[in-house]
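A short worksheet on the structure shown next.
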Amino acid sequence: MRYETERTRRRGQADTATDTLARGLGLFSIALGIAEIAAPRALARALGMKGQEGLIAGYGVREIATGIGILASKDPTPWIWGRVAGDALDLATLATALEGNNPKKENVGIAMAAVLGATALDVYCAQTLSRESPHPLPPLQDYSDRSGFPRGVEQAHGAASDFAVPSDFRTPEALRPYTQPEAPRHPQPSM
Amino acid sequence: MKALVWHGTTDIRCDSVPDPEIEQPRDAIIKVTSCAICGSDLHLYNHFMPGMKSGDIMGHETMGEVVEVGAEAKGKLKVGDRVVIPFTIICGECEQCKRGNFSVCERTNRNGNIAAKAFGHTTAGLFGYTHLTGGYPGGQAEYLRVPFADATHIKVPNGIPDEKLLFLSDIFPTGWQAAVQCDIQPTDTVAIWGCGPVGQMTIRSAVLLGAKQVIAIDRIPERLAMAEAGGAITINIDEDSVIERLNELTNGKGPEKCIDAVGMEAHATATIDSMYDRVKQATMMETDRPHVLREMAYVCRPAGTLSIPGVYGGLLDKIPFGAIMNKGLTIRTGQTHVNRWTDDLLRRIEEGQIDPSFVITHTVSLEEGPDMYKVFRDKQDGCIKVVIKP
Ligand SMILES: NC(=O)c1ccc[n+]([C@@H]2O[C@H](COP(=O)([O-])OP(=O)(O)OC[C@H]3O[C@@H](n4cnc5c(N)ncnc54)[C@H](O)[C@@H]3O)[C@@H](O)[C@H]2O)c1
Ligand SMILES: [Zn+2]
Ligand SMILES: [Zn+2]
């Protein structure tokens, strides 16, 4: 399955990888957010941050919102930059847990390393996406002459009215249109 | 011989495999002169459809020349005959075949018991399309074994190029049946979601059958341009609200006939329901993405018809059945009963009413096949339909 947006549609193969990365980061955000909301106590204990459960759950909500933004928006770029900002906030918060005599400093270090790794990916992804043109490109090929009708659309319209719809494919009488005025000569808006 | 072989998700290779042989008296072997990649193959490539095994040969849109005929097929076929092979394998004798419901032939699916477990009943055997439908090797290869060949073929005359005839195997009759299922009246607006190869054929069929107005919906500019060339009014889902535009074009009443030529891999749009599908699919709680179906049920005019040639494989969530029931909509769907329509369609090609080759954008060798799967899926290079010449 491909993650595709209006503005990224036409980028070549390498760029499909960036789309996949963005999508992956979106899913990661949601998963992390769910963990933060579901188990703030366990996380706080592991990081020696007792009393900060509310903050952790709040960060979880932020992660989920960002994740949904990345996956659902037409253009994920601002949302990925949002992740970068979120990473900075996470790092700053974790850094406070390094102060004093926190017995879980080692865990905090591991968590910071993990966040730094994610930050690197986020920055890379956001920069690659930002480099792209914000304008949709014109069609790659011109197919405006490919009607498929050797005698043209006008002639083709209704050319198969000799076709008898088989009885098992017919609309029940009661659902048919009440009146059947003359058909126009070729497809056109009814307004 | 060489063939395109499925090895896993997005892993299709051009391999050397043993030549097919006559296994049953009703078999025939054809030398493939042209075959094509279909949107249905993408569901296998992306591995949305379950039931593929590593080593399966892909392909169900095939034509060629008969090179060997089993004893019991001899009355109907001879060496040298030029044939298009329908993607549905048919016996021609069972109750369903006799009614013309070929895609639910009761006899040709050799894994009918597995299909019955999944769907309640067996459906026809299909070429190159999962073990749920018989696991028959497909036609993206140099040679193809055609089971039940005395019934499973469309004889075509010499003197017309392959390109005009090949799509009798699937997408032309599929687009045709999608339109016929709508029993189009001269007063009807027909809205068609998806301007891939199937959507393009559906547009042409709806025009030929005399719809008042044909509206085509997609997001790929080249595909929309091709739809317009065929006589459709277009809606780009990235630029417009589909529901609003459809209502505008029908004086607020909605289209009488809605056709889903997209299927289970509908693109996410920026709507809540698309988001919901992605999350549910990622967590394996839903198999298909029915965004288009929801939109159709909502916008379709009361007492109208939903025609669904797009392929679905399993369970769909949040289908607004209340709208379908209360508006009294008719739903018609199914794999195409190819041979039911092909005599008539061949005549229309011969008479010059339509030339289905308009949809071909790329012609390649078997060796280039695996790369073309990706190009077709990602709609790169203006790709709409790929023909392979083995
Ligand atoms: N019933 C049958 O017998 C039969 C036969 C052949 C193909 N099919 C099915 O028909 C479907 C289409 O086949 P194809 O070869 O044209 O495939 P395709 O993948 O080339 O075309 C699908 C098109 O739908 C468009 N699309 C995606 N999401 C959309 C949305 N939300 N709204 C509007 N358009 C959207 C895509 O941009 C694409 O152009 C597939 O599901 C295929 O399996 C059915
Ligand atoms: Zn097909
Ligand atoms: Zn049968």
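The values are calculated or read from the model by the stated rules, or taken from the named source; none is laboratory data. None of these values were measured; they are calculated from a predicted model. Neighbour counts are summed over all protein chains in view; Cβ atoms, including those assigned to glycine, are modelled from backbone coordinates with ideal geometry. Quick note on the areas: whole protein, heavy atoms, side chains included, nothing else; ligands and nucleic acids left out. Shrake-Rupley method; radii C 1.70, N 1.55, O 1.52, S 1.80 Å.
Structure values in brief
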| read-out | value |
| --- | --- |
| Per-region count, region A:51-77, residues away from chain B (no Cβ under 14 Å) and under 14 Å from the mean Cα position of the chain (by Cα) | 1 |
| When residues of region B:181-234 are limited to those that are closer than 21 Å to A:LEU175 by Cβ, among the small types (Gly, Ala, Ser) and touching a strand residue (DSSP E or B) at 6+ places or on another chain (Cβ under 7 Å), the one farthest from the other protein chains (Cβ to nearest Cβ) | B:ALA191 |
| Residue count for region B:178-206, restricted to those that are part of a helix (DSSP H, G or I), within 16 Å of ligand 2 (Cβ to nearest atom) and among the small types (Gly, Ala, Ser) | 3 |
| Count of residues meeting criterion [open to solvent by 40 Å² or more (accessible area, probe 1.4 Å) and among the acidic types (Asp, Glu)] in region B:316-372 | 6 |
| Odd one out for B:VAL364, checked against (1) in contact with a helix residue (DSSP H, G or I) (Cβ under 7 Å, 6 or more places away or on another chain); (2) closer than 28 Å to B:THR187 by Cβ | (2) |
| Members of region B:210-224 that are closer than 27 Å to B:HIS362 by Cβ and either aromatic (Phe, Trp, Tyr) or more than 12 Å from ligand 1 (Cβ to nearest atom) (or both) | B:VAL214 |
| Enumeration of residues in region B:96-127 that are in a helix (DSSP H, G or I), touching a residue at least 60 places away in the same chain (Cβ under 8 Å) and near ligand 3 (Cβ under 9 Å from one of its atoms) | B:PHE102, B:VAL104 |
| Residue satisfying condition, being within 16 Å of ligand 2 (Cβ to nearest atom) and in a loop (DSSP other than H, G, I, E, B), within set B:GLY263, B:GLY254, B:GLY175 | B:GLY263 |
| Scan of region B:214-228 for residues that are without any contact (Cβ under 8 Å) to a residue 40 or more places away in the chain and either in a helix (DSSP H, G or I) or within 19 Å of B:ILE354 (Cα to Cα) (or both), ordered by number | B:VAL214, B:ALA216, B:PRO221, B:LEU224, B:ALA225, B:ALA227, B:GLU228 |
| Unmet criterion (only one of (1) outside any loop (DSSP other than H, G, I, E, B); (2) away from ligand 1 (no atom under 16 Å from the Cβ); (3) within 14 Å of chain A (Cβ to nearest Cβ)) for B:ILE160 | (1) |
| So B:ALA211, is it within 19 Å of A:GLN141 (Cα to Cα) and over 15 Å from the mean Cα position of the chain (by Cα) | no |
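Yes or no, residue by residue, for (1) modelled with pLDDT of 85 or more; (2) surrounded by 20 or more Cβ atoms within 10 Å (Cβ to Cβ); (3) in contact with a Phe, Trp or Tyr (Cβ under 7 Å, 6 or more places away or on another chain):
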{"position": "A:ASP15", "(1), (2), (3)": "no, no, no"}
{"position": "A:ALA22", "(1), (2), (3)": "yes, yes, yes"}
{"position": "A:LEU25", "(1), (2), (3)": "yes, yes, no"}
{"position": "A:PHE28", "(1), (2), (3)": "yes, no, no"}
{"position": "A:GLU36", "(1), (2), (3)": "yes, yes, yes"}
{"position": "A:ARG41", "(1), (2), (3)": "yes, no, no"}
{"position": "A:GLY51", "(1), (2), (3)": "yes, no, no"}
{"position": "A:GLY60", "(1), (2), (3)": "yes, yes, no"}
{"position": "A:LYS105", "(1), (2), (3)": "yes, no, no"}
